[in-house]
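Below: the structure, in structure tokens.
The values are calculated or read from the model by the stated rules, or taken from the named source; none is laboratory data. Keep in mind the model is a prediction, meaning the values are calculated, not measured. Neighbour counts run over all protein chains shown; Cβ positions are idealised from the backbone, glycine included. The accessibility values were calculated without ligands, DNA or RNA, using every heavy atom of the protein model including side chains. Shrake-Rupley method; radii C 1.70, N 1.55, O 1.52, S 1.80 Å.
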Amino acid sequence: MHLTTAQLARFERDGYLAPLEFRPAEEMKVLRPALDKALKCQPGLRGGDCWSARHQDCRLVYDICSSPSIVDPVASLLGPDVLIWNSVFINKEQGAREVPWHQDRDFLLLDPCVNVAVWLAIDDATVENGCLQVVAGSHGAYLPHIPRTHAYEFDATADIPDSAKKKAVNVELKAGQFILFHKQLLHHSAANASNKRRLGLAMRYTVPGVKVKTDSFFEGYCVYPVKGNDSIHANPIGVPPRD
């Protein structure tokens, strides 16, 4: 399940690869209700938040994040020892607003900023319910971002010309498919104009030796090995959830 030479070249050129497959649609029909049940039954470590960092306390989420079908492509880019340092479910219900154009600001949390991102579709992600849009080749450098002015707004919006937005590509994904993308790729999602939920799981991967500013999250936040030598050191490493 490692990336081919052609896929690596495409990633270097475009800053993303999609669609890649985690599980076929038939398996997702079984996994989705089990995942919904697990998230509802366990309150989460971050003040009861059921969406953030669930790989730390929910075995099913950890198993998704450490699945070879996801981690092997990531390891093709990062090398054989891979750590997961963050995960978050992004739940876009009917009527949910757009997420503005931005680049992930992981450089604020990682030293050095070595990072690969994965966005896994738990539900089908379509144009109607607000799938990701990306600008191929936009990962060459970080762009200026305009900070939010109100608490309910997205953290920051990239200051990009309309010409860049016109190059946007819709990344429609079937449930069980995912996009692998560079930390600097410009991306965005429109409002959910459908009557269907669009649930996705965003995962962030790095390598040993990178300092993760875990105090920006919550007490007890950990970084877990998902591939390679389990004795490798990071800042810090915890024990994967047992159930």
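Can you pull out every residue in segment 14-32 that is within 16 Å of Arg197 (Cβ to Cβ) and open to solvent by less than 70 Å² (accessible area, probe 1.4 Å)? First the steps, then the outcome.
Within segment 14-32, the subset within 16 Å of Arg197 (Cβ to Cβ) is 28-29, 31-32.
Met28, Leu31, Arg32, listed by residue number.
Quick grid of which residues meet (1) closer than 15 Å to Val207 by Cα; (2) under 15 Å from the mean Cα position of the chain (by Cα); (3) open to solvent by 60 Å² or more (accessible area, probe 1.4 Å):
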site: Lys40; (1), (2), (3): no, no, yes
site: Leu45; (1), (2), (3): no, no, yes
site: Asp81; (1), (2), (3): yes, no, no
site: Trp85; (1), (2), (3): yes, yes, no
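When the residues of segment 76-91 are narrowed to those that are among the small types (Gly, Ala, Ser) and in contact with a helix residue (DSSP H, G or I) (Cβ under 9 Å, 6 or more places away or on another chain), which ends up nearest to Arg46 (Cα to Cα)?
Pass one, segment 76-91, residues among the small types (Gly, Ala, Ser): 76, 79, 87.
Remaining after also requiring in contact with a helix residue (DSSP H, G or I) (Cβ under 9 Å, 6 or more places away or on another chain): 76, 87.
Numbers: Ser76: 31, Ser87: 12 Å.
By that ranking, first place goes to Ser87.
Which is part of a loop (DSSP other than H, G, I, E, B), at pLDDT 95 or above, of a type in the set (A, V, I, L, M, F, W, C) and open to solvent by less than 40 Å² (accessible area, probe 1.4 Å), of Ala175, Ala202? Let's see the steps before the verdict.
Working: Ala202 fails: part of a loop (DSSP other than H, G, I, E, B).
The match here is Ala175.
So, in segment 47-76, exactly how many residues are touching a Pro at 6+ places or on another chain (Cβ under 7 Å), farther than 14 Å from Tyr224 by Cβ and open to solvent by less than 10 Å² (accessible area, probe 1.4 Å)? Full working, then the answer.
Filtering segment 47-76 for residues touching a Pro at 6+ places or on another chain (Cβ under 7 Å) gives 50, 56-59, 62.
From the residues that got through so far, the ones that are farther than 14 Å from Tyr224 by Cβ too are 50.
Cutting the leftovers down to open to solvent by less than 10 Å² (accessible area, probe 1.4 Å) gives us none.
Qualifying residue count, segment 47-76: 0.
Based on this model, can you work out whether Ala164 counts as open to solvent by less than 40 Å² (accessible area, probe 1.4 Å) and either of a type in the set (Val, Ile, Thr) or assigned to a loop (DSSP other than H, G, I, E, B) (or both)?
Numbers: open to solvent by less than 40 Å² (accessible area, probe 1.4 Å): yes; either of a type in the set (Val, Ile, Thr) or assigned to a loop (DSSP other than H, G, I, E, B) (or both): no.
Criteria not met by Ala164.
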